[in-house]
Amino acid sequence: MQTVHTLDPLRSAVAALREAGPVALVPTMGALHEGHLTLVREARRHARGVVVSIFVNPLQFGAGEDLDAYPRQLARDSALLEAEGVDVLWAPTVEAMYPAGFSSNISVAGVSEGLCGGARPGHFDGVATVVCKLFNQVMPDVALFGEKDWQQLAVIRRMARDLDLTRPAADAILGVETVREEDGLARSSRNAYLSPEEREAAVALPRAMHRAIAGIENGEDVAQALEALKAEIIAGGFASVDYAELRDAESLATLNARASRPMRLLAAARIGPARLIDNMPVAAAPQ
Ligand code: PAF
């Protein structure tokens, strides 16, 4: 595995990879866990060369968020990626990504609004801007993202369509199913912030979501199901619920009733020092 920290060596490394066949990009912020490694393995099924980026992107952290505390473990991450047979690790410095004078911003309206975009103003502008740069730096044939960040995936796909990106094209931006712990909690770098008691309680989030989905699919009123979901998350030990919503899976339009299109239940809730998010599919109503 070749590790590069600045743009010129990255471009040479990717050019060499491209001679052998299609190239996949897996963008990450490091602190890698099984969820990321699943993306890497999936990337290998779609491409000959695999590039992983690790960059803790300051643009997507708001004031008071965990930018400084965000785990940085490049040596450990690098060993994990090496063991997975990754070809290139792109670990730019902040100066390489945002040289002095950097002043552009990509803002994707609609899909960025509400949900995590509501609680974290500017977050998805930061994500869209860095991902657009990563795409232009690596020019991959395919890029892979975890479905755990469903709204992020929707924002990135919308950006790729709106800006006519070709490397990767919007339909080559692949979502990979969320990897879960044995008890059902979605894997996340932020789970590391939880005490053993908080970690045990955190399973209330996916458990309550499953129950709400069963209710909605069985014809329960959506507003009632969402209220019961929030109450169950709090009763399970969470301090607060940022949101619990039923949305159109692609446009993320708010739904007040079960639709005959693919839907997604999305929730975010706070426990101890962590804000955990999750999302799950809801079966479309029969036509
Ligand atoms: O999902 C993440 O880890 C980040 O938001 C991403 C896509 C790597 C952009 O910084």
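Here are the numbers for this structure:
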item: Residue among Ile106, Ile54 that alone is among the aliphatic types (A, V, I, L, M) and under 30 Å from Leu194 (Cβ atoms); result: Ile54
item: Residue satisfying condition, being in contact with a Gly (Cβ under 8 Å, 6 or more places away or on another chain), free of Cβ contacts under 8 Å to residues at least 60 places away in the same chain and within 14 Å of Val26 (Cα to Cα), within set Asp77, Asp87; result: Asp77
item: Unmet criterion (only one of (1) free of Cβ contacts under 8 Å to residues at least 60 places away in the same chain; (2) of a type outside the set (Lys, Arg); (3) surrounded by fewer than 16 Cβ atoms within 10 Å (Cβ to Cβ)) for Ala119; result: (1)
item: Any hit, segment 19-39, residues being closer than 25 Å to Glu95 by Cα, β-branched (Val, Ile, Thr) and open to solvent by 20 Å² or more (accessible area, probe 1.4 Å); result: no
item: Search result, residues across segment 137-172 that are closer than 17 Å to Gly49 by Cα and away from the ligand (no atom under 14 Å from the Cβ); result: Met139, Asp141, Val142, Arg167, Ala172
item: Answer residue from segment 250-260, given it is of a type outside the set (A, V, I, L, M) and farther than 21 Å from Val155 by Cβ and is most open to solvent (accessible area, probe 1.4 Å) among those; result: Asn256
item: Helices (runs of 4 or more DSSP H) wholly inside segment 1-119 that include at least 2 residues being within 16 Å of the ligand (Cβ to nearest atom); result: 34-46, 74-83, 94-97, 115-119
item: Where Arg247 falls short, out of the listed (1) closer than 22 Å to Ala154 by Cβ; (2) of a type in the set (Lys, Arg); (3) open to solvent by 40 Å² or more (accessible area, probe 1.4 Å); result: (3)
item: Boolean, Leu80 is within 18 Å of the chain's Cα centre (by Cα) and closer than 26 Å to Ala192 by Cα; result: no
item: Test for Ala13: is it at pLDDT 95 or above and over 12 Å from Leu89 (Cβ atoms); result: no
item: Per-region count, segment 140-189, residues in a loop (DSSP other than H, G, I, E, B) and of a type outside the set (Val, Ile, Thr); result: 16
item: Some residue of segment 267-283 being within 19 Å of Ala119 (Cβ to Cβ), assigned to a strand (DSSP E or B) and open to solvent by 70 Å² or more (accessible area, probe 1.4 Å); result: yes
item: Inter-residue pairs, beta-carbon under 8 Å, first at positive phi and in segment 136-158, second open to solvent by less than 10 Å² (accessible area, probe 1.4 Å) and among the aliphatic types (A, V, I, L, M), 6+ apart; result: Met139/Val14; Met139/Val23
item: Total residues in segment 29-58, condition of a type in the set (S, T, N, Q), under 15 Å from Gly175 (Cβ atoms) and touching a Leu at 6+ places or on another chain (Cβ under 8 Å); result: 0
item: Search result, residues across segment 219-242 that are open to solvent by 20 Å² or more (accessible area, probe 1.4 Å) and not in a helix (DSSP H, G or I); result: Gly219, Glu220, Asp221, Gly236, Gly237, Ala239, Ser240, Val241, Asp242
item: Residues being touching a strand residue (DSSP E or B) at 6+ places or on another chain (Cβ under 7 Å) and either buried (at least 19 other Cβ atoms within 10 Å of the Cβ) or in a loop (DSSP other than H, G, I, E, B) (or both) - total across segment 191-218; result: 8
item: Tally of residues being among the small types (Gly, Ala, Ser), out of contact with any Pro (no Cβ under 6 Å at 6 or more places or on another chain) and under 16 Å from Asn279 (Cα atoms) across segment 177-194; result: 2
item: Within segment 131-162, considering residues that are farther than 29 Å from Leu246 by Cβ and among the aliphatic types (A, V, I, L, M), the one surrounded by the most Cβ atoms within 10 Å (Cβ to Cβ); result: Val138
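The values are calculated or read from the model by the stated rules, or taken from the named source; none is laboratory data. The shown structure was predicted, so the numbers you read here are calculated from the model rather than taken from an experiment. Neighbour counts are summed over all protein chains in view; Cβ atoms, including those assigned to glycine, are modelled from backbone coordinates with ideal geometry. With ligands, DNA and RNA removed, areas are computed over all heavy atoms of the protein, side chains included. Shrake-Rupley method; radii C 1.70, N 1.55, O 1.52, S 1.80 Å.
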